[in-house]
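Worksheet for the structure shown next.
The values are calculated or read from the model by the stated rules, or taken from the named source; none is laboratory data. Note that this is a predicted model, so its numbers are computed, not measured. When we count neighbours, we look across all protein chains shown, and the Cβ atoms used for this are built from the backbone with ideal geometry, even at glycine. Each accessible area value is taken on the protein alone, full model and side chains, heavy atoms only, with ligands, DNA and RNA left out. Shrake-Rupley method; radii C 1.70, N 1.55, O 1.52, S 1.80 Å.
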Amino acid sequence: MTEYRTHMKIIGEILTTTRDELADENGATITFLIRKANISHVRISRILTNLVSQGLLEQNSSQGACRYRISHSGREFLQAYQTFSKFSENFGLAI
Amino acid sequence: MEFLFENILNLIGFLVGLTIGSMSYIGFKNTGSPTLFRLSIAFFSICVGFFVIWTGFMIEDFVIKSGHIERGVQTLGIGIQTIGYFFIAFSHGIKSFFPKSRYFRSVGMFPLFLVSLIHIENIFRSISFILLAYGAIETMLSYLESRKKGAIFVTLGLSLLAFGEFIGWYSFVFPESILYYLSISIKIAGLISLFIPVSRVPLRKIKFDEL
């Protein structure tokens, strides 16, 4: 049975990818993030726009493509997300 | 003796509820998670419920001195706690039955718990027992999936609280018996068990800046 991922979990996966799995310093391309997060282009575009506007991701335009890197606020959010994710898992719940 | 036991139980309940509720609220403020919002409502309700009963016992002990707590105060406290248990069970209900519903995931339904007072108290205890038992079963099922050790303590805590409520309800049938003290002791053990995994969450490493 496939596991249903919450919106928060998808955001956590995107931020983790931009923090831990970048091939170079310029950031992750949207194609790379789509493959890692396994969601549609339309949906990830909305999420990325939201994360950039919240200051959790930094957007760079290099080599004709948008690239995304995690910001300092994004790292703090991700740390809080991971801590409270474990907290809610103790109650058998997902945040 | 009864007052001492009740005071210990209600103070522990108040502190555990306040601690877990505060942590859930900090989590909600930092992540915006609806699950943590519901958990904070749940544990703040449990905290307020225990506080109301504790206040009732203190007022009785130092002001009224009639020898027994006002039944209305006790019913009110247990009713507020029941709302808290409802939100714990409700969170599991959403996870199990409405995994994709945005409506249920956002704010959620607010419960309506609107007949002599002793009957109401019995009703609240019965509802609490069902909600706690449901929460414990769901948490156990989550443990079987995730194998997170903390979930065992929460399962044990919710199970002991449920069993304590059941024994507490049964003590109405046999008043002045050991069942009452047994009920309080079991509930204290349940609250301590609930607190164990939460105490291991490394909050100190997090810098809670505004996002």
FRET efficiency for residue A:40 and residue A:16, using Cβ-Cβ distance with R0 set to 25 Å, rounded to 0.05: 0.80
Listed residues B:27, A:47, B:185: farthest to the positive end of the dipole of the protein assembly as shown (Cβ charges): A:47
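Among the listed pairs A:9/A:36; A:36/B:29; B:65/B:187; A:36/A:86; B:29/B:149, give every one whose C-alpha distance is greater than 24 Å.
Too far apart for the 24 Å limit: A:36/B:29; B:65/B:187; B:29/B:149.
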Where B:138, A:58, B:70 fall by accessible area, highest first, once all protein chains stay in place (1.4 Å): B:70, A:58, B:138
Modelled FRET efficiency - R0 35 Å, residue B:178 with residue B:63, Cβ distances, 0.05 increments: 0.75
For residues of B:36-46, the mean tally of beta carbons on other chains within 10 Å: 2
Rounded to the nearest 10 Å², the accessible area of residue B:140 at probe 1.4 Å: 80 Å²
Contact surface A-B: accessible area buried, both sides summed, square angstrom, 1.4 angstrom probe: 2500 Å²
Cβ-derived FRET efficiency at R0 51 Å, residue A:79 paired with residue B:4, nearest 0.05: 0.75
Cα-Cα P(r), chain A, percent of pairs per 5 Å interval: 3, 13, 24, 25, 18, 10, 5, 2, 1, 0
Sorted peptide list for B:34-41, B:81-88, criterion being average Cβ within 10 angstrom, highest first: B:81-88, B:34-41
Cα centre as origin, Lys/Arg/Asp/Glu Cβ charges: the protein assembly as shown dipole, Debye: 1100 debye
Residues with amide H under 5 Å from that of residue A:58, placed H, sequence gap 5 or more: A:69, A:70, A:71
D (Stokes-Einstein, µm²/s), Kirkwood Cα radius, the protein assembly as shown, 0.692 mPa s at 37 °C: 156 µm²/s
